[in-house]
Each structure stands twice: as C-alpha cells, then as structure tokens.
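Below is one structure, written out as structure tokens; comments come after it.
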Amino acid sequence: MRAIVSVLGQDKPGIIAHISHALYEANANILDITQTVLRDEVFAMTMLVDLSAMKVSFEQLKEQLDAAGEKIGIEVRLMREEIFKSMHRV
C-alpha cells in the first residue's frame with residue numbers, strides 16, 4: 001500500500017528530519033518527495049510513501065506523524081494513495 005503525506009506550516013529547520021524520522025521508525029519508505037517554501041515563510045511538502053513493510057498500523061502511523069507535527073508546530077496529513085487519487089480525478 002502507498003500513501004501521501006502532506007505537510008504545511010511555518011518554515012523552520014528540522015521539518016523534513018522530524019517527518020522522515022517518524023516514517024523511518026514505522027519502516028515506511030519514502031518513494032518521492034517535493035517541497036517548497038512560499039515567500040520565505042510557508043513550508044509545503046508532499047511525500048509518496050510505501051507502507052508495504054510498515055511495522056505499525058495505518059492509524060498508528062497517522063498518530064505518530066500527528067505527534068511529530070505537533071512537536072514542531074506544523075500540520076501533517078496522511079492519506080491512502082487510492083483515496084487521494086479518487087479525490088483528485090478529473
């Protein structure tokens with residue numbers, strides 16, 4: 001199973017490190033990543049992750065990512081890839 005991780009918040013050092021560490025701890029693999037900083041303030045990132053070898057449940061990963069986001073004051077969303085695709089189908 002694959003999923004999309006979306007991150008949004010005030011730009012600061014360590015965002016990618018915190019989120020990728022939470023994924024590492026769950027044994028999720030980052031397949032693709034894109035990130036940008038808008039007007040030198042707003043950080044936005046999207047990751048495509050492979051969850052097939054994950055050591056925790058989807059809900060547990062969601063909680064771990066939420067906790068990582070709260071720790072540094074950013075918003076993190078986790079969505080199954082098939083749901084993301086169906087929501088964005090034209």
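Only the coordinates and a few stated rules stand behind these numbers; no lab work does. Here the structure is a predicted model, which means the values were calculated and not measured. Note: ideal-geometry Cβ built from the backbone for every residue, glycine included; neighbour counts use all protein chains shown.
Mean sequence separation of contacting Cα pairs (under 8 Å, at least six apart), scaled by the length of the chain, corresponds to a relative contact order of 43 percent.
Summing charges over all other residues whose Cβ lies under 12 Å from the Cβ of Ile74, with Lys and Arg as +1 and Asp and Glu as -1, gives -1. Per-residue ellipticity at 222 nm from helix content only, as computed over the chain with -39500 (n - 2.57) for each DSSP H run of at least four residues, stands at -11000 deg cm²/dmol. In a Gaussian network model over the chain where Cα atoms closer than 10 Å are linked, find which of Ala26, Ala17, Ala68 has the largest mean-square fluctuation. Ranking Ala26, Ala17, Ala68 by mean-square fluctuation puts Ala17 first. When restricted to Cα atoms, the chain yields an Rg and a Dmax of 12.7, 38 Å, respectively.
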